[in-house]
1. Is it the case, given these coordinates, that residue 63 is in contact with a strand residue (DSSP E or B) (Cβ under 8 Å, 6 or more places away or on another chain) and farther than 18 Å from residue 102 by Cα?
2. Restricting to strands (runs of 3 or more DSSP E) lying wholly in the range 7-99: which have 2 or more residues that are in contact (Cβ under 8 Å) with a residue 40 or more places away in the chain, more than 26 Å from residue 109 (Cβ to Cβ) and under 13 Å from the mean Cα position of the chain (by Cα)?
3. What tally of residues in the range 24-57 results from selecting those that are touching a strand residue (DSSP E or B) at 6+ places or on another chain (Cβ under 6 Å), surrounded by fewer than 16 Cβ atoms within 10 Å (Cβ to Cβ) and within 20 Å of residue 3 (Cβ to Cβ)?
């Protein structure tokens with residue numbers, strides 16, 4: 001067992017960063033981290049090679065994908081399949097997301113080449 005301290009908690013993104021990703025746990029089959037976007041910030045992420053689950057722990061925004069969009073706030077759970085374009089927009093309150101990747105973040109990237 002491991003308690004993952006700080007996961008899903010708001011902290012100011014690194015200086016001059018539009019957003020911030022911090023990985024807290026990594027094992028071959030999954031990784032867990034926190035993604036933060038300040039109010040008014042820009043989500044500049046690209047599609048990932050792994051499946052992903054977001055749990056909104058604080059803040060409000062909209063998530064936009066090719067299939068649609070939805071307003072999200074605390075308690076929302078979002079599944080994004082590997083390779084799907086997605087972006088958080090209209091971040092009206094500092095947005096904090098607990099993120100789970102399966103398998104671990106970036107682990108499939110080498111298989112693309």
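Computed from the coordinates by the stated procedures, all read-outs in this text should not be read as laboratory data. All figures in this text were calculated on a predicted structure; none of them were measured in a lab. As a convention, Cβ positions derive from the backbone with ideal geometry for all residues, glycine included, and neighbour counts pool all protein chains shown.
1. yes
2. On the way: elements: 20-27, 30-37, 51-65, 68-72, 77-80.
Those strands (runs of 3 or more DSSP E) span 51-65.
3. The first filter runs over the range 24-57 and keeps only residues touching a strand residue (DSSP E or B) at 6+ places or on another chain (Cβ under 6 Å), leaving 24-25, 30-39, 41, 43, 50-57.
Still in the list and also surrounded by fewer than 16 Cβ atoms within 10 Å (Cβ to Cβ): 25, 39.
Still in the running and within 20 Å of residue 3 (Cβ to Cβ): 25.
Residues that pass the stated criteria total 1.
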